[in-house]
1. Tell me the label-point distance for the pair ARG9, ALA143, using the 7 Å Cα-to-Cβ offset, in nm and rounded to one decimal.
2. Extending each Cα 7 Å along its Cβ direction at LYS253 and ALA202, get the distance between those two points in nm, one decimal.
3. Placing +1 at every Lys and Arg Cβ and -1 at every Asp and Glu Cβ, with all other atoms neutral, what dipole size does region 204-249 have around its Cα centre, in debye to the nearest 20?
4. In nm, what is the difference between 0.36 nm times the number of residues separating GLU165 and ALA234 and their Cα-Cα distance?
5. Calculate how large, on average over all directions, the projected area of the Cα convex hull of region 4-200 is; give the answer in nm² to one decimal.
6. Using modelled amide H (1.01 Å from N, peptide plane; none on Pro or chain starts), what sits under 5 Å from the amide H of GLY107, excluding residues fewer than 5 places away?
7. Any chance you could run the full-extension gain for ALA227 through ASP185? It's 0.36 nm times the residue separation minus the Cα-Cα distance, nm to one decimal.
8. Rounded to the nearest 20 debye, what is the charge dipole size of region 25-170 about its Cα centre when +1 sits on each Lys and Arg Cβ and -1 on each Asp and Glu Cβ?
Amino acid sequence: MSGTIRVERAGHVATVWIDNVAKRNALNQAMWIAVGDAFTALGEDTDLRCIVIRGAGTEAFGSGADIEEFSTVRADLQQARAFARHTHRAFHAVRDCPVPVLAAIRGACVGGGLELASFCDMRICTPDSRFGVPVGRLGAVLAYPELEGLVRLVGANGALEVLLEGRVVGAAEALAKGMVNRVVDAAAFDTEIEAAVQRICAGAPLSARWHKKFIAKLRSGQPLTEAELEEGYACFETEDYVIGYRTFLSKEKPSFVGR
């Protein structure tokens, strides 16, 4: 079976590669399982400061699920439920990962590719990137866990537009709809991804993790507990806070330690 998920590590940064170039980085069942495994493991690494997820080659970030295997792994209701456990686990592993996750998007980002990207914290793409979820053409739907990421990106009305029309839109429209944070010229793409990673890594890692946690809580719509409100001040007892304000006063570059 073609396709693999590769993880590379360099210092405080991990890169997760969707590698199935022959099928424009379509994700088969084994790859969805590997995505969940990779992000579960990376989320437990306290030394990480940023994770980048990207597609191999230049034609696609991810072109969705591998439809060729549907007749064997999603042929009926029972198989579809079993398959969905793997995709939902992958989406939630990305969503719940405490480390900032950046999607570096070139080319096609459709179907499951867009669903996966929607659970990342940031999305940067090239002008030739394309976005959509034309699942209605397959007679299928996005279940609630799959809809979550799309709705949080473009809202309920935007998600209905994406799903009902089934259009695949270009980078400019995706930017206008809020699907991506910014569009970068292809020639400068890798440079900008690296710059964004370095900016994320330059910040206090505990601050980044707390901000992810706090924003996830606010998205949930659930009332805040006293303990959660109090956690908003925990940073003032960290070494990084002392490093931060002292280096600011001395006009030096901080070197945070994650404590």
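All of the numbers you see were taken from the coordinates with simple rules; none came from a lab. Everything quoted here is computed from the prediction, not taken from an experiment. Heads up, the Cβs are rebuilt from the backbone with ideal geometry, glycines too, and the neighbour counts pull from every protein chain shown.
1. Taking the simple label geometry, ARG9 and ALA143 are separated by 3.2 nm.
2. 0.8
3. The dipole of region 204-249 has a size of about 320 debye.
4. So the extension gain works out to 20.2 nm.
5. Average projection, Cα convex hull of region 4-200: 10.1 nm².
6. For GLY107, whose amide H was placed from the backbone, the distant partners under 5 Å are THR126, ASP128, SER129, ARG130.
7. Here the answer is 10.7 nm.
8. 220
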